[in-house]
Amino acid sequence: MTPPFLKTLTPLGWLAVGVAGLAAAAVVLGGLGFRWDPFDLNRRRLDRAEQVAASALAEAAARSAEAEGQAGQVARLDAAVRSTVALERVTAHSIQIARSADDSSIPLPNDRADRLRAHDRELCRLAPDLVGCPAAPDPADPGEPPV
């Protein structure tokens, strides 16, 4: 003998009962921690998030290294500028003293002038691009274009 409520349901009613049953099963299973992911979308999202995080860490490390390098360069440049300013200050003071000395109009003795010239030649040999040094001879043969 069939219960009377089974006979009274129409096909639309059976469909409603099926949908309600599936919804109740999904709520119960979801509460138990079951997740249905047939395309494995959660793992893909997790992989993508890990890639983005790794990329962000690498970019942050690169920016940090760049900032450290820039700070070092600024410090070296600042030290060079301070050295140049100090050298110019000392040089200007020495020139002023030399020009206002009592014996500035007296010619140098020959042996001292020779020592100064030798010293100048040595400086020019070590650093030919100094101001006052003669230009280096051109190693090109006669008739060839200069190097």
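The values are calculated or read from the model by the stated rules, or taken from the named source; none is laboratory data. Since we're looking at a predicted model, the values are computed, not measured. Cβ coordinates were reconstructed from backbone atoms using ideal geometry, including for glycine residues, and neighbour counts include every protein chain displayed. Only protein heavy atoms, including side chains, enter the accessible area calculation; ligands, DNA and RNA are left aside. Shrake-Rupley method; radii C 1.70, N 1.55, O 1.52, S 1.80 Å.
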* Asked: Among (1) part of a helix (DSSP H, G or I); (2) over 50 Å from the mean Cα position of the chain (by Cα), which single condition is Val74 missing?
  -> (2)
* Would you check if there is a residue in segment 125-147 being in contact with a Pro (Cβ under 7 Å, 6 or more places away or on another chain), modelled with pLDDT under 70 and open to solvent by 100 Å² or more (accessible area, probe 1.4 Å)? => yes
* Asked: When both residues are 6+ apart or on different chains and their Cβ atoms are under 9 Å apart, which pairs have a first residue that lies in segment 86-113 and is on the phi < 0 side of the Ramachandran plot, and a second that is open to solvent by less than 100 Å² (accessible area, probe 1.4 Å) and outside any loop (DSSP other than H, G, I, E, B)?
  -> Ser104/Ala98; Pro107/Ala113; Leu108/Leu116
* Structure fact -> From the option list Arg89, Arg44, single residue qualifying as of a type outside the set (Gly, Ala, Ser), open to solvent by 90 Å² or more (accessible area, probe 1.4 Å) and modelled with pLDDT under 85 is Arg89
* Is it the case that some residue within segment 23-45 is of a type outside the set (Asp, Glu), without any contact (Cβ under 8 Å) to a residue 12 or more places away in the chain and on the phi > 0 side of the Ramachandran plot? -> yes
